[in-house]
């Protein structure tokens with residue numbers, strides 16, 4: 001009887017060891033960026049990096065399943081901390097803060113930043129973009145602040161009911177930086193839904209680049225993101 005118990009323990013340890021080896025292999029594969037297109041921006045332009053250093057994409061741009069579940073379009077990308085907890089939200093590039101708002105509803109704290117001379121790898125052009133960040137637990141910048149790439153602009157907390165991820169959307173409409181069809185009118189005094197369309201909002205994955213210090217991947221079990229929501233571009237290693 002005792003011999004059988006020890007045999008079961010040994011078999012269990014062997015199975016566990018094999019499982020760990022497989023998990024480590026998959027983990028390495030998940031963070032393998034060799035398949036990402038490495039981008040060197042033209043002189044005088046900048047790349048925009050992801051807003052979290054170690055992040056998991058949980059909902060993609062205009063994902064149909066998201067629409068079925070929530071009955072409205074998702075005009076951005078949702079990213080949470082890979083460890084499921086606290087994370088600093090980073091400026092994606094050098095820019096200027098156009099506005100912030102402190103909300104205690106599901107929208108959370110907001111920052112709106114303008115980035116100029118942005119090289120968009122997907123199309124190979126340089127444009128200016130409005131970036132809108134939602135669902136932050138705190139905002140650490142003020143209106144008219146100049147921010148630099150990698151600077152902490154806010155935080156999220158994975159334990160919070162609403163503020164466990166950051167929603168990031170990019171808009172090419174520079175005239176109306178606070179117009180967005182994403183939010184309900186009553187949830188924000190800064191953002192406006194009336195007269196807003198998604199005509200100039202672009203897919204974040206067409207813009208964002210994985211920096212040298214970042215690890216980003218789409219959540220393998222989320223039905224609100226697909227392969228097209230995986231990172232496509234990276235800074236040269």
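The values are calculated or read from the model by the stated rules, or taken from the named source; none is laboratory data. Nothing here was measured: the structure is a model prediction, and the numbers come from that model. Please note: Cβ atoms are built from the backbone with ideal geometry, for glycine as well, and neighbour counts cover all protein chains shown.
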Inset, instruction - Could you tell me which numbered condition residue 94 fails, if it satisfies all but one of (1) at pLDDT 95 or above; (2) over 30 Å from residue 43 (Cα atoms); (3) surrounded by fewer than 21 Cβ atoms within 10 Å (Cβ to Cβ)? - result: (2)
Legend entry - Selection status of residue 144, more than 13 Å from the chain's Cα centre (by Cα), in a loop (DSSP other than H, G, I, E, B), more than 18 Å from residue 60 (Cβ to Cβ) and in contact (Cβ under 8 Å) with a residue 12 or more places away in the chain: yes
Legend entry - Residue identified as touching a residue at least 24 places away in the same chain (Cβ under 8 Å), out of contact with any helix residue (DSSP H, G or I) (no Cβ under 8 Å at 6 or more places or on another chain), within 23 Å of residue 57 (Cβ to Cβ) and surrounded by fewer than 21 Cβ atoms within 10 Å (Cβ to Cβ) among 80, 137: 137
Inset, instruction - Determine whether residue 136 is assigned by TED's automatic domain parsing to the domain that holds residue 92 and more than 15 Å from residue 111 (Cα to Cα). - result: no
Inset, instruction - Taking the options 119, 170, name whichever one is on the phi < 0 side of the Ramachandran plot, part of a strand (DSSP E or B) and in contact with a helix residue (DSSP H, G or I) (Cβ under 9 Å, 6 or more places away or on another chain). - result: 170
Legend entry - Residue satisfying all of: in segment 187-202; more than 21 Å from residue 61 (Cβ to Cβ) and touching a residue at least 60 places away in the same chain (Cβ under 8 Å); farthest from the chain's Cα centre (by Cα) among these: 189
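Please go through segment 65-92 and pick out each residue that is more than 16 Å from residue 54 (Cβ to Cβ) and under 14 Å from the mean Cα position of the chain (by Cα).
74, 75, 76, 91
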Legend entry - residue 57 vs. criteria assigned by TED's automatic domain parsing to the domain that holds residue 152, modelled with pLDDT of 95 or more and in contact with a helix residue (DSSP H, G or I) (Cβ under 8 Å, 6 or more places away or on another chain): yes
Inset, instruction - Give 150, 198 a once-over and let me know the one that is at pLDDT below 95 and not in a helix (DSSP H, G or I). - result: 198
Inset, instruction - Give the residue, chosen from 121, 64, that is within 17 Å of residue 205 (Cα to Cα) and surrounded by fewer than 14 Cβ atoms within 10 Å (Cβ to Cβ). - result: 64
